[in-house]
Amino acid sequence: MRRLVVGDRILIGGAGPAGLTAGYLLARRGYRSCVVEGDAQVGGLARTVRYKDFRFDIGGHRFFTKIPEVAALWDEVLGADLIDVPRLSRIHYRGKYFRYPLNATEALLGLGPWEAARVVLSYIHTQLRPSLVEDTFEQWVSNRFGHRLFQIFFKTYTEKVWGVPCSEIRAEWAAQRIQGLSLVRAILAATALQKRPNGIRSLIHQFKYPRLGPGQMWQRCADLMVGEGGELLLNHEITSFELAGNCIVSAGVKTPDGERRFEAEHFISTMPLRSLVRALGSSAPDAVKRSAEGLSYRDFILVALILDKPRLFPDNWIYCHTPGIRVGRVQNFNNWSSALVPDPTKTCLGMEYFCFQGDALWQQKDQDLVDMATRELDTLGLARGAKVIDANVVRMPKAYPIYDGAYRRHLDIIRSFLDTIPNLHTIGRNGMHKYNNQDHSMYTAMLAVANLQGATHDLWAVNDDLDYHEEQLITNNAATEAVVPTQPTSRNGDRRRPRSRAAV
């Protein structure tokens, strides 16, 4: 890999958290970075949508991390506009509410004596005869909670989110999202019996949040990058790459004024891997193209409902596990930041639906989606006595990379090919087809900048799923002014990986 030198040009595809982090760090160090973004605003999935002075989040973005340098960058960018928010989230299941993270004692009591007995017996059975293989989400969760509790509190919601059976979702996703948690540990965490801090990410009770939503962070980061000499071009979409030998020499970009050719010495991509391989065209072998097309994504619809009453419920969000309800989560944006809702006598709720682009739900008319969301809100009983007075619908494609049974094989094939292009760096969630949280996406950008300056970190080791419960120890490297792990990783296969349990 050619080391970055002053005068080199770096083209960055995508103005989400990863792309803007890389662009800002490079511009701050005096390098010629240009971020191109196909959309009309920055932030990617972490944008803030604005509708008639109401602001709402796409999915709810908690700002919480165990990586000090990420936290420091957040503080540097937003300062006092990064507020502290208490967390409260619950599960709705058949007319009852259960705190989440799951409080096992409350869950057992709330389910009633007969169902609680079935849960406990199922858990004991699983401990005596656990699944010896943990390849799937179902196996991973059942081994820790028992199969009955898995069916009640995990199966319905997870299959609603991903659109595939839990028996086809890889265990990596479970290890990443609810790692280190078991029925016994959940009970201990709810009592005074556990004396030692457990550091389980899922059990945090407070997080940081930009006063005007996550997009405030990334618009401010973009402004700082431009102020340092970096360039940001919106409505600019990378459509092709030109290679000379094994290096990329230029990118074809679709702009409002037609196609343009951007030359650079280094390329950083947060593009979905499917789109990246398509842009590489004939340079990519057929096997790589087939693997790229084999990667799957889950798409997302947010129906924002504005109601005529305040303080409808205290939660930041509610998970909807009740069978027969299509909505996956309900966000209460008033409880994220009061500044998101301009009128204190109103409430803005986000009804979240998960789908595949082009399916029946995705293609429904906006008014039909609003009507469905209104009916389901009434069924859930979350806004009794309140009336929906306005609404807005937002569709977000490729919101979540899917960990299905074939994704790992496809990803290995794609990675092997991308590693042969020394001046291409893939970072971020879709750029690595990895369910990275916001801070992990930023961290891949930080390590990519360090690699451009001579380091040899394995970016794919960030948020290493099956070891996700391990602590990540990082420090500053004065030579590169970038974040590096205390146990350096190698692009050549050194398995001493950095560990992380950070979360947003």
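Summary table below
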{"item": "Unit charges at the beta carbon, dipole of the range 20-69: most positive-side option, Gly38, Thr48, Leu25", "result": "Leu25"}
{"item": "Likely footprinting exposure, Lys398, Lys254, Lys96, Lys387, fewest C-beta neighbours within 10 Å first", "result": "Lys387, Lys96, Lys254, Lys398"}
{"item": "Dipole magnitude of the range 21-91 about its Cα centre (Cβ charges: Lys, Arg +1; Asp, Glu -1), debye to nearest 20", "result": "160 debye"}
{"item": "Within straight-line cross-link reach of Lys254, lysines at Cα separation under 27 Å, skipping those fewer than 8 residues along the same chain", "result": "Lys289, Lys398, Lys434"}
{"item": "Exposed GluC sites (Glu not before Pro) absent - longest run of the chain, DSSP non-H/G/I/E/B, at most 14 other C-beta within 10 Å", "result": "1-470"}
{"item": "Span per principal axis, largest first, for the Cα atoms of the range 332-441 (Å)", "result": "60, 33, 20"}
{"item": "Inter-probe distance in nm under a simple model that places probes 7 Å from Cα toward Cβ, at Glu242 and Thr379", "result": "5.5 nm"}
{"item": "Label-zone membership for the range 414-445, site Asp286, 7 angstrom Cα→C-beta point, backbone N under 20 Å", "result": "414-418"}
{"item": "Of Ala450, His236, Ile325, farthest towards positive along the dipole that unit charges on Lys, Arg, Asp, Glu beta carbons give the chain", "result": "Ile325"}
{"item": "Over the chain, equivalent-ellipsoid semi-axes from the Cα gyration tensor in Å", "result": "37, 27, 22"}
{"item": "Separation of the Leu132 and Asp75 label points, Cα + 7 Å toward Cβ, nm", "result": "5.1 nm"}
{"item": "Full-stretch length increase - Asp84, Asp343 - with 0.36 nm per residue and alpha-carbon distance subtracted", "result": "91.1 nm"}
{"item": "Principal axis dimensions, the range 1-106 - Cα atoms, whole angstrom, descending", "result": "62, 35, 31"}
{"item": "Trypsin sites (Lys or Arg not before Pro) within the range 36-70, DSSP loop, no more than 14 other Cβ atoms inside 10 Å", "result": "Lys52"}
{"item": "Extension gain from Lys365 to Asp53, taking 0.36 nm per residue of separation minus the Cα-Cα distance", "result": "110.0 nm"}
{"item": "For His236, residues with placed amide H under 5 Å, excluding near neighbours", "result": "Glu37, Gly38, Asp39"}
{"item": "Potential lengthening between Arg211 and Glu168 on full extension [0.36 nm per residue; Cα-Cα distance subtracted]", "result": "11.6 nm"}
{"item": "The chain - charge dipole about Cα centre, Lys and Arg +1 at Cβ, Asp and Glu -1, debye rounded to 20", "result": "1240 debye"}
{"item": "Selected from Gln364, Phe98, Thr136, residue furthest toward positive end of dipole (the chain; charges at beta carbon)", "result": "Phe98"}
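Throughout, read-outs are computed from the coordinates displayed, never taken from laboratory work. All of these numbers come straight from a predicted model, not from anything done at the bench. No Cβ is skipped: glycine too gets one built from the backbone with ideal geometry, and neighbour counts run over all protein chains shown.
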